[in-house]
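Student: I am attaching a structure below and will ask some questions about it afterwards.
Coordinate-derived values only; no laboratory data. Just so it is clear, the model here is predicted, and its values are computed rather than measured. Reconstructed Cβ throughout: ideal geometry from the backbone, glycine too, with neighbour counts over all protein chains shown.
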Amino acid sequence: MNRLIYFFKNLLSLSYYEARGFLALLIISVITLVILFSPKMFFNKNHEVDQSEKIILDSLAALFDDKNTVDISLFLFDPNNISLDSLMLLGIPEKVGRRLINYRNKGGRFYVKEDVKKIYGLEVTLWEKISDYITLPDSSSFKKNELKIRAFDINIVNSDGLKSVNMIGVVLSDRIIKFRQKLGGFVSIEQLDEIYGLSDPALKNLKSIAFVKKGFRPHQLKINYDDFETLRQHPYISDKLAEDIIRFREINSKIESDKVLQNFKSIDKSNFERLILYLDFQQSN
């Protein structure tokens, strides 16, 4: 029966329960047609039910049995990376599974088995069935010092290192790394404030262990040679400023220093002091 359900689920792009309902409706329709066109078969007292008919009727009865009865497949899983379909195979309702995944996408992380139990809508009886298959430690044997994370250099830490920080998940870790690449490296921890989507608690957790190595030199743009597209990719250079830089070079050949750049009307004064740290004013390429 599960094979039929998953067949219609994939064929019609339905959820597990929508596919199950569709299959039930299909079976009812088939039975109704059989009754309408073969009344003698069902109202003849001497008629014996065919084996194929018995299978259909038994399947129908099973579908409409206790609504809480769900086929459960138990297997080892990590709630920090399991998919929605796999959660549903464990017997977790789709809505509850989506809550779990939404929690992860917002930066949440499960550290012990009991953390899963806190997901709203997850019945205690179901949690007790699957708890032995969760590949996380029990709270009773979990030591708080296991949560301690070593401080790391924000300019070299990888995605896994960022995800080890509480409330930093896959989405945020990727966003931090992409911002770092566009920026050319962080010269100050305060630049983390500029990353979209970092909540105050997540930002606080990250700042508490991240640092910028003393003497770090960021990647610099060659302001007198880089093209428009390269310049505009930098977080501190707007499209208008990139256009003005190109236009000034076409007329005057070179931008000699930050003092010349400072007079551009398109300069964001609030970021100017940081911007010049990412610019190379050399006259030769």
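Student: So if each residue of separation counts as 0.36 nm, and I subtract the Cα-Cα distance between S73 and I28, what length gain in nm does that give?
Tutor: Working: separation 45, 0.36 × 45 = 16.20 nm, distance 2.71 nm.
My answer for the length gained is 13.5 nm.
Student: Now a separate question. Quick one: if the Förster radius is 25 Å, what FRET efficiency do Q262 and N105 give, using the C-beta to C-beta distance and rounding to 0.05? Could the numbers behind the result be given before it?
Tutor: Values: r = 42 Å, r/R0 = 1.68.
Rounded to the nearest 0.05, the efficiency is 0.05.
Student: Between V187 and A151, what is the label-point separation in nm under the 7 Å Cα-to-beta-carbon projection?
Tutor: Modelled inter-label distance: 2.2 nm.
Student: What Rg and what Dmax come out for the stretch 221-280 when only alpha-carbon atoms are used, in angstroms?
Tutor: Just the Cα atoms of the stretch 221-280 yield Rg and Dmax of 10.1, 27 Å.
Student: Still on this model: Along the Cα→Cβ direction, 7 angstrom out, place labels at F272 and S164. What is the inter-label distance in nm?
Tutor: Output for this residue pair reads 4.2 nm.
Student: What FRET efficiency do you get for F7 and T230 if R0 is 51 Å and r is their Cβ-Cβ distance, rounded to the nearest 0.05?
Tutor: FRET efficiency, F7 to T230: 0.50.
Student: Using a Förster distance of 41 angstrom, determine the FRET efficiency expected from the C-beta separation of V124 and Y196, and round it to 0.05. Mind dumping the intermediate values first?
Tutor: Details: r = 38 Å, r/R0 = 0.93.
In this case the efficiency is close to 0.60.
Student: Tell me, what is the percent relative contact order of the stretch 221-280, built from C-alpha pairs under 8 Å that lie six or more residues apart?
Tutor: On the way: 42 pairs, mean separation 25.0, N = 60.
About 42 percent, as a whole number.
Student: Which of K106/K163; K95/K118; K106/K204; K182/K222; K182/K254 have a Cα-Cα distance over 18 Å?
Tutor: Working: K106/K163 12 Å; K95/K118 14 Å; K106/K204 15 Å; K182/K222 14 Å; K182/K254 24 Å.
K182/K254, as the Cα separations exceed 18 Å there.
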